[in-house]
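All remarks here apply to the structure that follows.
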Amino acid sequence: MNNNAFVLSPEQRQDALNVVGTKVAVLGSAEAMQDLQVTLQSGQAGMGPPPHSHDWDESFYVTKGVVVFNCNGEATACSAGTLVHVPAGTVHAFSYGPDGGEMLEMTGKGSQAVKMFTALDREVPPGPPDIPKVIEVLADHGVTTYL
């Protein structure tokens with residue numbers, strides 16, 4: 001069990017990962033926070049993951065702009081100040097609104113999110129994504145895509 005409290009200031013953060021058009025700053029990894037992982041994500045209009053599911057809970061808090069979430073086929077435009085909770089196993093996707101957006105992402109027990117984001121940054125270069133490679137990396141980290 002990790003009982004180490006910590007404070008992470010902006011200048012102490014590592015550079016944001018480039019995850020298929022989304023910038024992902026890791027604020028708290030599983031190693032630092034045990035059953036919780038926290039990232040700060042931002043992207044330009046229209047960017048975001050395809051419909052997918054995984055076996056961990058995930059919550060998002062929109063901090064800037066608009067992010068359109070689609071959960072189980074229902075789309076909702078979420079402005080700054082909105083919390084979205086996605087239980088494990090729920091098919092979901094999101095895309096950043098017309099002026100882009102930013103949000104905190106918090107994942108629960110069993111999450112492979114930070115390891116997955118790190119692998120995507122390492123294995124999928126910027127530019128038009130290699131979709132089969134993206135799907136392979138996602139699958140390697142417990143994510144099922146629905147294209």
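Read-outs throughout are calculated quantities, based only on the coordinates presented, and are distinct from any laboratory measurement. All of these numbers come straight from a predicted model, not from anything done at the bench. Neighbour counts run over all protein chains shown; Cβ positions are idealised from the backbone, glycine included.
Restricting things to alpha carbons, find the Rg to Rh ratio for the chain using the Kirkwood radius for Rh.
0.94
Give me the percent of Cα-Cα pairs in segment 81-134 that sit more than 14 Å apart, rounded to a whole number.
70 percent
Could you tell me the calculated FRET efficiency between ALA88 and ILE131, based on Cβ-Cβ distance and R0 = 25 angstrom, to the nearest 0.05?
About 0.50, to the nearest 0.05.
Put +1 on the Cβ of each Lys and Arg and -1 on the Cβ of each Asp and Glu in segment 1-60; which of GLN44, VAL20, PHE6 then has its Cα farthest toward the positive end of the dipole?
Positive-end residue among those listed: GLN44.
Dipole size in debye (nearest 20) for segment 60-147 around its Cα centre, Lys and Arg Cβ +1, Asp and Glu Cβ -1?
Computed about the Cα centre, the dipole is about 180 debye.
Counting only chymotrypsin sites (Phe, Trp or Tyr not before Pro) that are in a DSSP loop and have at most 11 other C-beta atoms within 10 Å, tell me the longest site-free stretch of the chain.
After excluding every exposed loop site, the longest remaining stretch is 7-145.
Taking the Cβ-Cβ separation of GLU31 and THR63 as r and a Förster radius of 30 Å, what is the calculated FRET efficiency to the nearest 0.05?
0.75
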